[in-house]
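Beneath this line is the structure, given in structure tokens, with notes to follow.
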Amino acid sequence: MSCPFLITHSVLPLSVEKRLSTTTTISALKTQFHHITGTPPNKQRLILKDPAGLVLADPLDEDLTLGDYPISDLCGIHIVDVDPSTQLREFEDVSQVEKYQISEEDYRRRDGTFLKFKQAHPELFAKPDAPSPPAAAAQPEATAANIHVGDRCQVRGESGFCRRGVVKFVGTTRFKPGEWVGVCFDEPVGKHDGSVKGVRYFSCPPNCGSFFPPAQVEVGDFPEVQDWDEDDVAPASAPAPTSTSTNPPANDPHAQ
């Protein structure tokens, strides 16, 4: 059987919870504490306290075990270092240790310093001119020239999720400037039925239609999706959808 104890020390800033076997003798316990605190077993006086801090036994008898005392969870064992020569506290605060200091003038006169090396080899410490960032290559604006009504297509979101369908509209609209491609998806994962703000651009089943910028629409030989085919619709690392949604995925901010 074992119980958790709170171990403290009279000199060291020690306060740690440790589970100890109740069959351990006090003599063996002192040996364990020696490895933790550095206080020799013959210089330890162990005091047993209850969880509230009241003394139950002082000192603990080396021939007895922890189980011979009225212990409970989180009783305290306070290690008293009885060696009067122990002065461990002197090493706790290093700010009290006197440090060697050299004046700046003496340091400048001294040979073999980093300052002298730096002065002898200034080329090693010269900051190189930052290279000018390469001019970004002008990207041609995507157009709908190669997209036609009736083309099979797929729309890939920023997360890699693809939706397939048929191009139903290519041209300008009233809801936003520029060219737009209207798509009727194979599944109800769109936003409308081809009508936006009271203007009908094409017809499709409810929640199957959406508009996208041409750059987001890829036309090609994309078979119609059946029952959310995982290999065709989603990347390998993503699970196949289990339900349809009346809104496009959040990673399609350009969808209309």
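Just so you know, all these numbers are worked out from the coordinates, no wet-lab data involved. Fair warning: this is a prediction, and the values are worked out from it, not measured in the lab. Neighbour counts are summed over all protein chains in view; Cβ atoms, including those assigned to glycine, are modelled from backbone coordinates with ideal geometry.
Taking other C-beta atoms within 10 Å as the exposure proxy, Phe114, Phe222 rank Phe114, Phe222 from fewest upward.
With the Cα gyration tensor of segment 1-64 giving a ≥ b ≥ c as the square roots of its eigenvalues, does the rule (a/c under 1.5 for rounded; else a/b larger than b/c for prolate; else oblate) give rounded, prolate or oblate?
It comes out rounded by the Cα gyration axes.
Taking 16 Å as the straight-line reach from the Cα of Lys49, the lysines in range (excluding those fewer than 8 positions away in the same chain) are Lys18. Of the residues Val16, Val196, the one with the fewest other Cβ atoms within 10 Å heads the list, and the complete ranking is Val16, Val196. Straight-distance candidates among the lysines for linking to Lys99, with alpha-carbon spacing under 25 Å and chain neighbours fewer than 8 residues away dropped: Lys116. The order of Leu124, Leu56, Leu66, going from fewest to most other C-beta atoms within 10 Å of their C-beta, is Leu124, Leu56, Leu66.
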